[in-house]
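> My questions will all concern the structure given below.
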Amino acid sequence: MSSGPDAPDGGDGPSEGSAAVGEASHAELVRRSATSDEGAFAQLYDATASLVYGVVLRMLRSRDLAAEVVQEVYLMAWQQSARFDPERGSVRAWLCTMAHRRAVDRVRSSQRERDREERYEADRAEPGPGDSTWGQVERTLDEGEVRAGLEHLSRIQREAVCLVYFRGYSHREVAERLDIPLGTAKSRIRDGLVGLRAALGERW
Amino acid sequence: MVNERADGSGRADDVHADAVLYAVDALDAAEARAFEEHLAGCTRCREEVDSFRETGAELAGAAAVDPPPELRESVLGAIRATRPDAGEVEGASGTVVASSSADREDDTASARASTAADQDAAGTASSPATSAPTGPRHADPQATAAVHSLDARRRRGRWVLAAAAAVVVPGVALGGWALGQHSGQQEQRVVAQEHEQERQRQERLLAAADVAVRHVEMDGGGTATVIASRDRDAVLLVASGVADPGEGRQYQLWLMEDGTPVPDATFDAGAAGVWVDGDLEGAQALAVTVEPEGGSESPTSDPLMVAEI
């Protein structure tokens, strides 16, 4: 268990970075939302929207699409707020799970768009495609534990993790994209995330 | 895309190891479903999934981006149109959760978003258990103070504002949708049930894996938002800010089949949401024209907008 070395405190800021911060108050806001408390939900939105929007935007790379998905995610969160179980994990993970999944659905259902993009990237790809993903991610990642954790991984693990998490690739797509066997793709994703979890310290 | 069975790779012994892949949506739909069967009975895997979801959230947190301020208004406008489920769902018919996981046989990723093993963290629109849309609302003074935009002028019933938000943020129109037509208070009770059915219909559309949303400027002013799902054979058009088409005239929808307009529903300027009646199969686009009241068999004017579906 490592606690964040420089974790700021307070849970209301719109873009606080670190995880465990404000979790108790987030959970409380979800609990109040389940009683139709719109004010609590608005606070929850303020505390988490940059997190949700960030991951969705990165996957969909369209502000309009990202806004739609974020709206869907919060609508679901509102409707399902009574089902949030704090024993199972944090509010942030609950929201990110919904957001990631929803964005993955969009990404994988717009196969045509993907194909177009791949052609585009193939044309300009000198380094591996995962590298450019990582490069994009790296430029915008906050300084801190997560970035350090990612940098701690091997390059091939990092690119697999980034393709999965920030681009919405399945392991099968990772394998195709990187031209590696399925089992290898699975291992890289798994090892990368295991390594990242270890680097960040298990909080839950 | 090939849709192999998850265990087709001969890694059945390895099923616990899929927890991490499942947690970050790296399994395809068929594999995810297979894993969920395992997950339902495996505490260890549930813990792993939960744990890696935290890792995922850490990744997301490192990539946070502040959303456009208009999105906040739009989200809060949207939630005002619905109420949270009352926890354990009872007596909810037409549950999206059940239908979307049971019906789906293709490779859409959302199938996995809705199984019982995973429902508390899953991402599907859910079934509204109760909630007539006109429930009592109490303005919590503290919340109102904290969130100035939720002031008393904008309580329930002012759906127009949700529609307005959609205009302010092209790209965000969900939630407030078809609720504009019932602003008169005395009408509210009468339409409550109808309204609820409408809402559920919208939610089913919204929950479709292939749901696509387009925003199109209408000639002559206003915006049309077209929400379409071929899986569900459903298209909803939401018009906002469109002009009155004139005395004795209405707007009419047309499904474009290989360039031929097939007549569809008519609507007035005040209608907030219009469902397409026709069959989507064979149709490539949706168009809107102004026609004599009651509609025409073939268009008598140029389209004000055409949207691919």
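> Go through A:Arg101, A:Arg106, A:Arg158 for me and flag whichever is facing chain B (nearest Cβ under 7 Å) and modelled with pLDDT of 75 or more.
A:Arg101
> Can you confirm whether region B:240-258 contains a residue that is in a strand (DSSP E or B) and under 24 Å from A:Val73 (Cβ atoms)? Let's see the steps before the verdict.
Of all residues in region B:240-258, those in a strand (DSSP E or B) come to B:240, B:249-257.
Within this subset, residues satisfying the condition of being under 24 Å from A:Val73 (Cβ atoms) are B:240.
Yes: region B:240-258 contains one or more residues that are in a strand (DSSP E or B) and under 24 Å from A:Val73 (Cβ atoms).
> How many residues does region B:243-273 hold that are without any contact (Cβ under 8 Å) to a residue 60 or more places away in the chain, aliphatic (A, V, I, L, M) and under 18 Å from B:Gly220 (Cβ atoms)? Before you say what the answer is, go through the steps one by one.
Here is the first cut: in region B:243-273, the ones without any contact (Cβ under 8 Å) to a residue 60 or more places away in the chain are B:243-269.
Now narrow it down to the ones that are aliphatic (A, V, I, L, M): B:243, B:253, B:255-256, B:262, B:265, B:269.
With the extra rule that they be under 18 Å from B:Gly220 (Cβ atoms), the set shrinks to B:243, B:253, B:269.
So the count comes out to 3.
> With respect to A:Arg177, is the statement that it is facing another protein chain (nearest Cβ under 9 Å), in a helix (DSSP H, G or I) and not aliphatic (A, V, I, L, M) true? Write out each step before concluding.
Values: facing another protein chain (nearest Cβ under 9 Å): no; in a helix (DSSP H, G or I): yes; not aliphatic (A, V, I, L, M): yes.
When the stated conditions are applied, A:Arg177 does not pass them.
> Answer yes or no: is there a residue in region A:18-28 that is facing chain B (nearest Cβ under 9 Å), modelled with pLDDT under 90 and buried (at least 22 other Cβ atoms within 10 Å of the Cβ). Don't jump to the end; show me each part of the working.
At the first step, the residues of region A:18-28 found to be facing chain B (nearest Cβ under 9 Å) are A:18-19.
Retained after the next criterion (residues that are modelled with pLDDT under 90): A:18-19.
Subsequent filtering for residues that are buried (at least 22 other Cβ atoms within 10 Å of the Cβ) retains A:19.
The answer is yes; a qualifying residue exists.
> Related question: Within region B:214-226, which residues are without any contact (Cβ under 8 Å) to a residue 60 or more places away in the chain and either surrounded by fewer than 24 Cβ atoms within 10 Å (Cβ to Cβ) or more than 19 Å from A:Val69 (Cα to Cα) (or both)? Steps first, please.
Keep residues of region B:214-226 that are without any contact (Cβ under 8 Å) to a residue 60 or more places away in the chain, which gives B:215, B:221-223, B:225.
Those that are without any contact (Cβ under 8 Å) to a residue 60 or more places away in the chain and either surrounded by fewer than 24 Cβ atoms within 10 Å (Cβ to Cβ) or more than 19 Å from A:Val69 (Cα to Cα) (or both): B:His215, B:Gly221, B:Gly222, B:Thr223.
> On to the next question. Just to be sure I understand, how many residues within region A:66-98 are more than 7 Å from chain B (Cβ to nearest Cβ) and among the acidic types (Asp, Glu)?
The total comes to 1.
To keep it simple, each residue is scored yes or no on (1) in contact with a Ser or Thr (Cβ under 9 Å, 6 or more places away or on another chain); (2) under 14 Å from B:Val226 (Cα atoms).
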| position | (1), (2) |
| --- | --- |
| B:Ala239 | yes, yes |
| B:Gly246 | no, no |
| B:Tyr251 | yes, no |
| B:Val262 | no, no |
| B:Leu280 | yes, yes |
| B:Leu286 | no, yes |
| B:Glu291 | yes, no |
| B:Gly295 | yes, no |
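> Restricting to region B:259-279, name every residue that is assigned to a loop (DSSP other than H, G, I, E, B) and buried (at least 18 other Cβ atoms within 10 Å of the Cβ).
Those that are assigned to a loop (DSSP other than H, G, I, E, B) and buried (at least 18 other Cβ atoms within 10 Å of the Cβ): B:Ala271, B:Ala272, B:Val276, B:Gly278.
> If you scan region A:41-62, which residues turn out to be facing chain B (nearest Cβ under 7 Å) and out of contact with any Asp or Glu (no Cβ under 8 Å at 6 or more places or on another chain)?
Here is the first cut: in region A:41-62, the residues facing chain B (nearest Cβ under 7 Å) are A:41-43, A:45, A:49-51, A:53-55, A:57-58.
Within region A:41-62, A:Phe41, A:Ala42, A:Tyr45, A:Leu51, A:Gly54, A:Val55, A:Leu57, A:Arg58 meet the criteria.
> A:Glu159: surrounded by fewer than 20 Cβ atoms within 10 Å (Cβ to Cβ) and either assigned by TED's automatic domain parsing to the domain that holds A:Ala103 or charged (D, E, K, R) (or both), yes or no?
no
> Please return the ranges of helices (runs of 4 or more DSSP H) entirely within region B:20-91 where 2 or more residues are without any contact (Cβ under 8 Å) to a residue 12 or more places away in the chain and touching a helix residue (DSSP H, G or I) at 6+ places or on another chain (Cβ under 8 Å).
B:43-62
> Can I ask one more? Restrict the check to region A:193-204 and report whether at least one residue is more than 8 Å from chain B (Cβ to nearest Cβ), at positive phi and modelled with pLDDT under 80. Show your work before the answer.
Keep residues of region A:193-204 that are more than 8 Å from chain B (Cβ to nearest Cβ), which gives A:195, A:198-199, A:201.
Among the residues that remain, those that are also at positive phi are: A:201.
Filter once more, so that each one left must be modelled with pLDDT under 80: A:201.
Scanning region A:193-204 turns up at least one residue that is more than 8 Å from chain B (Cβ to nearest Cβ), at positive phi and modelled with pLDDT under 80.
> Name the residue, out of B:Leu237, B:Leu253, B:Leu304, B:Leu286, that is more than 23 Å from the chain's Cα centre (by Cα) and closer than 16 Å to B:Arg214 by Cα.
None of the other options fit; the residue is B:Leu304.
The values are calculated or read from the model by the stated rules, or taken from the named source; none is laboratory data. Here the structure is a predicted model, which is why all the values come from computation and not from measurement. Backbone-built Cβ (ideal geometry, glycine too); neighbour counts: all protein chains shown.
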